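Everything below concerns the one structure shown next.
Laboratory data are not the source of any read-out in this text; all were calculated from the coordinates shown. Note that the coordinates shown come from a computational prediction; the quantities given were computed from them, not determined experimentally. When we count neighbours, we look across all protein chains shown, and the Cβ atoms used for this are built from the backbone with ideal geometry, even at glycine.
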Amino acid sequence: MLLRSIRYLSVTLIALVSSASFAQTIPDLPEPVTSNSVASVTLRGKTYIVSMLGLAPGKQFSDMHNHVWMHTLGDFNWQQLPAVPSKQNLNGRVAASATALNNNFFIFGGYTVNADGSVQTSEDSYRLDPVTKRYTKLNDIPVPIGDNVALTYQNRYIYLASGWSDYGNVNLVQIFDNYTQRWSQATPLPGKGVFGLSGAMVDNKMLLCDGVTIDYFTDKPRQLRAEAACYLGVVGNNANSIDWRVIPHPTGKARFRMAAIATEVAGQKVIAFIGGSTTAHRYNGIGYNQQPAEPSSEVWLYSIAEQKWLSAENSTAIMDLNSLVDINGSIYSVGGMQAEQQVSNKLIKHQIKLK
């Protein structure tokens, strides 16, 4: 009888351990997607991960969609949610900004491409409740924007920094105040306006790097060019006041559409930049120089306390990211493009290690 009880207890413990381990395994997305918008939030003991909008594997303008998938950590699968609403004739969008604030997901902007190749930037703003799965329309972005950076501050403000707006780049920093539901303008980026930049925020400090700028000429059409530049912004007593400083670039060679996240390495707060490509490119992965873009495996780490770049080990190569998610201290990319411009459905766990 005692032996039978011990065996039963052992089997039960093994089952519980196996179940707990399996519950923390995050399944891949149900469909491949790139230029999607991702975020995560923990509410009442449950962690939700969301992937919104993006580009399907065909990589044509007609493959831009408004699909939404949400995974609840511990579940077996992803759940398809109602599509992201849109004021535009074409519902599909890429390069929108997603973030989590005050237990909700927020989605801003992005752009669509028409059949004639023209780009239409979106001014749409929505809040998505992960529990009710309902959208709430927010006030439109003052300047429509896509391929920008979205950052949260004090569980109240959302900054939309730089990006593309219909006919060119802007260096604006637009702020949404979730308390008042109003938009305002913060101190603009000191450098050139760029799109496809990346950045993250630690406390009251935001770090923005790279992207693509536009060069203008008197004797030929404008040209798009990768911009290797990093700026550290320190938010003052007023959320609209940002003290910008130039930060030395870690490599001198720009990366396009990488993603950044605030995390901790060896006990210190850092901002990690992951993936992207050294070839600035269109949404289909082909460069503006007509060369195919390939993803980077480099990881850049910036120490907030030491105010310097740290040497980091490489990770899995991935590009065309909008953001990253932190799940129980582990950093994941969701979708994106892997080698040879292959659209991915993978959730890649990126190990952040110092060299």
**Item:** Rough spin-label spacing in nm, given labels placed 7 Å along Cα→Cβ, for Phe217 and Ser184
**Value:** 4.3 nm
**Request:** Give the order of Ser118, Ser297 when sorted by the count of other beta carbons within 10 angstrom, beginning with the fewest.
**Result:** Ser118, Ser297
**Fill in**
Charge tally for neighbours of Val343 with beta carbon under 13 Å away, counting Lys, Arg as +1 and Asp, Glu as -1, is -3
**Request:** Compute the FRET efficiency between Tyr153 and Gln342 as 1/(1 + (r/R0)^6), taking r as their Cβ-Cβ distance and R0 = 35 Å, and round to the nearest 0.05.
**Result:** 0.45
**Prompt:** Of Lys253/Lys308; Lys205/Lys308; Lys192/Lys269; Lys308/Lys355; Lys59/Lys346, which ones are farther than 21 Å apart at the Cα?
**Reply:** Lys192/Lys269
**Message:** Can you sort Lys137, Lys205, Lys269 from fewest to most other Cβ atoms within 10 Å of each residue's own Cβ?
**Reply:** Lys137, Lys269, Lys205
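Given a Förster distance of 25 angstrom, what is the FRET efficiency for Asn240 paired with Tyr167, based on the Cβ-Cβ distance and rounded to 0.05? All intermediate terms of the calculation are to be shown ahead of the outcome.
Numbers: r = 26 Å, r/R0 = 1.04.
Calculated transfer efficiency: 0.45.
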**Prompt:** If the chain between Arg44 and Asn328 were fully stretched, how many nm would it gain, using 0.36 nm times the residue separation less the Cα-Cα distance?
**Reply:** 100.7 nm
**Message:** Between Gln60 and Glu123, how high is the FRET efficiency from 1/(1 + (r/R0)^6) when r is the Cβ-Cβ distance and R₀ = 30 Å? Nearest 0.05.
**Reply:** 0.75
**Item:** Pairwise label distance in nanometres, Thr251 with Lys353, each label 7 Å out on the Cα-Cβ vector
**Value:** 1.9 nm
**Prompt:** Taking the chain as a Gaussian network, where each spring joins two C-alpha atoms under 10 Å apart, which residue of Asn91, Asn114, Asn328 fluctuates the most?
**Reply:** Asn328
**the chain: angle of helix 2-23 to the longest principal axis, Cα-based, in degrees nearest 10** = 10 degrees
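Can you give the translational diffusion coefficient of the chain in µm²/s, computed by Stokes-Einstein from the Kirkwood radius over Cα pairs at 25 °C and 0.890 mPa s?
This corresponds to a translational diffusion coefficient of 118 µm²/s.
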